[in-house]
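The next block holds one structure in the form of structure tokens; read it before the comments.
The values are calculated or read from the model by the stated rules, or taken from the named source; none is laboratory data. Note that the structure is predicted; figures quoted are calculated from it, not measured. In this analysis, Cβ positions are derived from the backbone assuming ideal geometry, glycine residues included, and neighbour counts consider all displayed protein chains. Please note that ligands, DNA and RNA were not included when accessible areas were found on the heavy atoms of the full protein model with its side chains. Shrake-Rupley method; radii C 1.70, N 1.55, O 1.52, S 1.80 Å.
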Number of protein chains: 2
Amino acid sequence: MDLTHSTQEALDRIRATVGTAGWIEGEARAPYLREWRGLFQGRAAAVVAPASTGEVSAVMALCHQAGIGVVPQSGNTGLCGGAAPDASGTQIILSLRRMRQIRDVDVTNDTLTAEAGCILADVQHAATDADRLFPLSLAAEGSCMLGGNLGTNAGGTNVLRYGNARDLCLGLEVVLADGRVWNGLSGLRKDNSRYDLKDLFIGSEGTLGIITAAVLRLYPRPRQVQTALLALPSPEATVALLPALREAGGDTLTACELMSRTSLTMALKHVPGCRDPFDAPHPWYLLVELSTPQAGDALRDALQACLEREMEQDRVVDGVVAESLDQAQALWRLRESIPEGQTREGASIKHDVSVAVSRIPAFLAEATARVEAALPGVRVCPFGHIGDGNIHFNLSQPEGANPDAFRAQWDDCNRVVHDVVAAMGGSIAAEHGVGQLKVAELERLKDPVELALMRQIKAALDPTGIMNPGKVVR
Amino acid sequence: MDLTHSTQEALDRIRATVGTAGWIEGEARAPYLREWRGLFQGRAAAVVAPASTGEVSAVMALCHQAGIGVVPQSGNTGLCGGAAPDASGTQIILSLRRMRQIRDVDVTNDTLTAEAGCILADVQHAATDADRLFPLSLAAEGSCMLGGNLGTNAGGTNVLRYGNARDLCLGLEVVLADGRVWNGLSGLRKDNSRYDLKDLFIGSEGTLGIITAAVLRLYPRPRQVQTALLALPSPEATVALLPALREAGGDTLTACELMSRTSLTMALKHVPGCRDPFDAPHPWYLLVELSTPQAGDALRDALQACLEREMEQDRVVDGVVAESLDQAQALWRLRESIPEGQTREGASIKHDVSVAVSRIPAFLAEATARVEAALPGVRVCPFGHIGDGNIHFNLSQPEGANPDAFRAQWDDCNRVVHDVVAAMGGSIAAEHGVGQLKVAELERLKDPVELALMRQIKAALDPTGIMNPGKVVR
């Protein structure tokens, strides 16, 4: 690592800015440099953790002057390497984890203002303490942080009803590439007095600025929750069921998670506590959740009546409705254990893609045929958020095959699946972001006008190219 | 109007591009140049109405080369002069009204793709024909067009449940300043493969590009609708009632419209068919609508139980629940007739502002006190979308005063009200946009960092400054 004199001088001033508590050295740096799946390994000229927006601003101003690349990082749980530095050792990691204050809760306005280093579960708890719901929910919620959730526009299991992270955010505080601070911490539900700057920063993965705080939307807490697992003959039947569920549940339809038998089998086989509620296997399953802040038990009646109708007409093969919170959790456990089950089954190659909901059956058929032809013996384990058109089209290695040999086909396999997605007008980065993992694939597949637009915006907001270099667009 | 030779040459080529049907001349130009309230009067070097995205693209490329300013216009119903050219006579009006095709309806994906010149009501009808709801609804829906709705991120009466225009749009087709076409017509609900370009164009009022088509979200049609008018003692009581309504109605709470007695009086006095459903006058009224695609009559029971509880505890003074569609329409007629009632009562000065919902009572008290001090005898007639924090803080002239003398105080009065809004962290352009009407006020009140950010983005996407010059930001 060969730092110029001016870089070293800037680092010294950054160190003075953040103080001892904000300057991470030696072994303590390891967790910031480690990407949890081991897919990305970088080096850093420094790891700093400012304690306030003012400190972030001062650090950015110094980096801007010295031309030092900055990799913002919060929970470091991302799946696409967006929070990992490159191998040059010239970039710094700017961790938001010391900025973890809940600044304000306004129950009348149904908003909560929190800093980027708040753990998602802590934000959820703060909402619960105020008798409200913050609906963003995803597997990493115990360790992921708000900054990363917003930086990647995280999805999760409640998108169907509540939207992605951007829909749950009303305003932001952002430190810009040159250290200026944009205070857009508005709790307004209607504001047409500006370009939509908030949504430009959300999902930009730190390439346009650093999100330091956000105003989040709160919702009434559900008082009725009904959870069911349905067995279905095909993806076609599942897609056809959605309108019936929407009519039965109205706006209470909160989650619709599709699982293939193969993916469920791996959870059942490897994860303790997973139990198949049906006597026989079925090719496809749909986990359905309805919830409402209204009191009473109307939801259960509506769901059961709907399922009876659908089963009478053979559109649903079998179904169980949870009788208790424990039973509901057991059903969710099946869905949530799929990634772990897959990991224990051997190597896997993953895709986080979306298409129009109407195209899901065609996508599953086409993509499955293509990868089975390309990788004989591969086990296709799709699951995901069918109501949002978002499928985690994951592939497990052939039984008994060499894991490394399978993993070596990652890029080739990605191209096969992404070509199918692109031909259907879908997205190859549905809810996990682009990071560094998908930059080249986007360059290969995206409309050149769209890439040019992204580069124009990047150049306008980060003219010296120091904001998370090499991520999203380059 | 003194056009240079190169401008004239460009206009000739534009004329050849759009053909006779797209080149508006002589008297036929009048409706494009007329702003319906007479607040803005401009001139134009040409009025053109391309028939396709390709023609819009060709026109923009020619304007870009020749440096001709372009004012996009669709329904020309805006309230802030965003679709009116300046007085120089050097700009052209580009009307989208010939682009009025519904390109696609996908009921399984719950999306509809329509061109910018579609009248909003026609889009609503196309959704209804497919047994779906397109929820955007506002006073001008019979003549306003989709392009303007998205360009201004229109609000309306269903925002509480369904969001603003941006929330109802999944993707756009946009012609850029230099004529390139961005095809972002995605019907995807999850796509993190790009910066959020869609939302950058939505609400930018044609200053960054011209929206030519959009993919819109459809919803299930409501099967139960319950409408009630409540009489309340104060704005405080109204704001306090919202959580109770949300608990009773859950996600079915679709509209919450606040009306002051003064504003209602003007509707009752001047607009035929308006009738006060109560025996005695009350200081404040709340029009509430609940709706759901679920069948049955649970909604009526929930609403009536909630109102009984609130009336028992004297939080609601009186209330009527509509017994029929006719009665529901009669209640809505009261709300919708307020602007006409106000117009017939004499001159008015208008404000389209928003604050956090929790601040509405303080805003109403403070703003009322300030304008009554500044304009003795003024009649304050606030009404609006209280669930969104959006108040149309409108002022009617003192009885018997000279209308022109009152109107002459528009700017001074705006400043008084906007100062109160700004001090409360609110927006002076909540749902009607900025246009040319509010550009100077935004420059006076906005954070300089935010203005600078907007200018950076404007310069990046419209480097020669030909896109709707002088609107939103300059």
Qualifying residue in the stretch A:433-456 (condition: touching a Phe, Trp or Tyr at 6+ places or on another chain (Cβ under 6 Å) and closer than 21 Å to A:ALA83 by Cα): yes
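With respect to B:SER143, is the statement that it is assigned to a loop (DSSP other than H, G, I, E, B) and at pLDDT 95 or above true? Write out each step before concluding.
Working: assigned to a loop (DSSP other than H, G, I, E, B): yes; at pLDDT 95 or above: yes.
Criteria met by B:SER143.
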All helices (runs of 4 or more DSSP H) inside the stretch B:380-474 with 2 or more residues being in contact with a His (Cβ under 8 Å, 6 or more places away or on another chain): B:410-423, B:439-445
Of residues in the stretch A:267-301 being closer than 15 Å to A:GLU336 by Cβ and touching a Gly at 6+ places or on another chain (Cβ under 7 Å), the one farthest from the other protein chains (Cβ to nearest Cβ): A:HIS270
Single unsatisfied condition, B:SER186 versus (1) buried (at least 24 other Cβ atoms within 10 Å of the Cβ); (2) in contact with a strand residue (DSSP E or B) (Cβ under 7 Å, 6 or more places away or on another chain); (3) facing chain A (nearest Cβ under 7 Å): (1)
Evaluation of A:PHE278 against (1) in a helix (DSSP H, G or I); (2) free of Cβ contacts under 8 Å to residues at least 60 places away in the same chain (one fails), failing number: (1)
Qualifying positions in the stretch A:425-458 - free of Cβ contacts under 8 Å to residues at least 24 places away in the same chain and either facing another protein chain (nearest Cβ under 7 Å) or surrounded by 21 or more Cβ atoms within 10 Å (Cβ to Cβ) (or both): A:ASP447, A:VAL449, A:GLU450, A:LEU453, A:MET454, A:GLN456
Residue tally, condition over 15 Å from A:ALA408 (Cα atoms), in a loop (DSSP other than H, G, I, E, B) and either among the charged types (D, E, K, R) or within 11 Å of another protein chain (Cβ to nearest Cβ) (or both), over the stretch A:347-379: 2
Tally, over the stretch A:248-276, of residues that are modelled with pLDDT of 95 or more, buried (at least 19 other Cβ atoms within 10 Å of the Cβ) and among the charged types (D, E, K, R): 1
Condition broken by B:THR238, with the remaining ones in (1) among the hydroxyl-bearing types (Ser, Thr, Tyr); (2) within 14 Å of chain A (Cβ to nearest Cβ); (3) not in a helix (DSSP H, G or I) satisfied: (3)
Residues within the stretch B:170-188 that are in a strand (DSSP E or B) and under 24 Å from B:GLN65 (Cβ atoms), tallied: 6
Any hit, the stretch B:368-381, residues being touching a Gly at 6+ places or on another chain (Cβ under 7 Å), of a type outside the set (Asp, Glu) and surrounded by 18 or more Cβ atoms within 10 Å (Cβ to Cβ): no
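Within the stretch B:399-412, is there a residue that is within 14 Å of chain A (Cβ to nearest Cβ), more than 30 Å from A:VAL174 (Cα to Cα), open to solvent by less than 30 Å² (accessible area, probe 1.4 Å) and in contact (Cβ under 8 Å) with a residue 24 or more places away in the chain?
Looking for residues that are within 14 Å of chain A (Cβ to nearest Cβ), more than 30 Å from A:VAL174 (Cα to Cα), open to solvent by less than 30 Å² (accessible area, probe 1.4 Å) and in contact (Cβ under 8 Å) with a residue 24 or more places away in the chain, one finds none in the stretch B:399-412, hence no.
Restricting attention to the stretch B:332-344, does a residue exist that is within 14 Å of chain A (Cβ to nearest Cβ), in contact (Cβ under 8 Å) with a residue 24 or more places away in the chain and within 26 Å of A:THR108 (Cβ to Cβ)? Write out each step before concluding.
From the stretch B:332-344, those within 14 Å of chain A (Cβ to nearest Cβ) are none; that's our starting set.
There is no residue in the stretch B:332-344 that is within 14 Å of chain A (Cβ to nearest Cβ), in contact (Cβ under 8 Å) with a residue 24 or more places away in the chain and within 26 Å of A:THR108 (Cβ to Cβ).
Which of the residues belonging to the stretch B:305-340 are of a type in the set (S, T, N, Q), open to solvent by 100 Å² or more (accessible area, probe 1.4 Å) and not in a loop (DSSP other than H, G, I, E, B)? Reasoning before the result, please.
Here is the first cut: in the stretch B:305-340, the residues of a type in the set (S, T, N, Q) are B:313, B:324, B:327, B:329, B:337.
Filter once more, so that each one left must be open to solvent by 100 Å² or more (accessible area, probe 1.4 Å): B:313, B:329.
Passing the criteria: only B:GLN329.
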Given (1) open to solvent by less than 40 Å² (accessible area, probe 1.4 Å); (2) facing chain A (nearest Cβ under 8 Å), index of the condition B:GLY465 fails: (2)
Pair list, Cβ < 8 Å and 6+ apart or interchain, from the stretch A:230-254 residues that are not assigned by TED's automatic domain parsing to the domain that holds A:GLY389 to residues that are open to solvent by less than 30 Å² (accessible area, probe 1.4 Å) and at pLDDT below 90: A:GLY250/B:ASP251; A:ASP251/B:GLY250; A:ASP251/B:ASP251; A:THR252/B:GLY250; A:THR252/B:ASP251
B:ILE68 vs. criteria open to solvent by less than 10 Å² (accessible area, probe 1.4 Å) and in contact with a Cys (Cβ under 9 Å, 6 or more places away or on another chain): no
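Would it be correct to say that B:LEU245 is under 24 Å from the mean Cα position of the chain (by Cα) and open to solvent by less than 10 Å² (accessible area, probe 1.4 Å)? Spell out the reasoning first.
Working: under 24 Å from the mean Cα position of the chain (by Cα): no; open to solvent by less than 10 Å² (accessible area, probe 1.4 Å): yes.
Taking the combined requirement at face value, the residue does not satisfy it.
So that you can scan it fast, the table gives a plain yes or no per residue for (1) within 14 Å of chain B (Cβ to nearest Cβ); (2) touching a His at 6+ places or on another chain (Cβ under 9 Å); (3) open to solvent by 10 Å² or more (accessible area, probe 1.4 Å); (4) under 26 Å from A:ALA46 (Cα atoms):
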{"position": "A:GLY78", "(1), (2), (3), (4)": "yes, yes, yes, yes"}
{"position": "A:SER88", "(1), (2), (3), (4)": "no, no, yes, yes"}
{"position": "A:ARG97", "(1), (2), (3), (4)": "no, no, yes, yes"}
{"position": "A:THR108", "(1), (2), (3), (4)": "yes, no, yes, no"}
{"position": "A:ASP131", "(1), (2), (3), (4)": "yes, no, yes, no"}
{"position": "A:SER137", "(1), (2), (3), (4)": "no, no, yes, no"}
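Conditions (1) at pLDDT 95 or above; (2) part of a helix (DSSP H, G or I); (3) surrounded by fewer than 21 Cβ atoms within 10 Å (Cβ to Cβ); (4) in contact with a Ser or Thr (Cβ under 9 Å, 6 or more places away or on another chain), marked per residue:
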site	(1), (2), (3), (4)
B:ASN149	yes, yes, no, yes
B:ALA154	yes, no, no, no
B:ASP167	yes, yes, yes, no
B:ASN192	yes, no, no, yes
B:GLY203	yes, no, no, yes
Considering residues of the stretch B:109-132 that are of a type outside the set (Ser, Thr, Tyr) and assigned to a strand (DSSP E or B) only, the residue farthest from the chain's Cα centre (by Cα): B:ARG132
Within the stretch A:34-50, tally of residues that are open to solvent by less than 80 Å² (accessible area, probe 1.4 Å) and either at pLDDT 95 or above or of a type in the set (Asp, Glu) (or both): 8
Filter result for the condition that a residue is under 23 Å from the mean Cα position of the chain (by Cα), away from chain A (no Cβ under 11 Å) and modelled with pLDDT of 95 or more, over B:LEU197, B:LEU229, B:LEU172: B:LEU172
Cβ-Cβ under 8 Å pairs, at least 6 apart or on other chains, the stretch B:157-169 side among the hydroxyl-bearing types (Ser, Thr, Tyr), far side open to solvent by less than 10 Å² (accessible area, probe 1.4 Å) and not in a loop (DSSP other than H, G, I, E, B): B:THR157/B:ALA255; B:THR157/B:GLU257; B:THR157/B:HIS385; B:TYR162/B:LEU168; B:TYR162/B:THR254
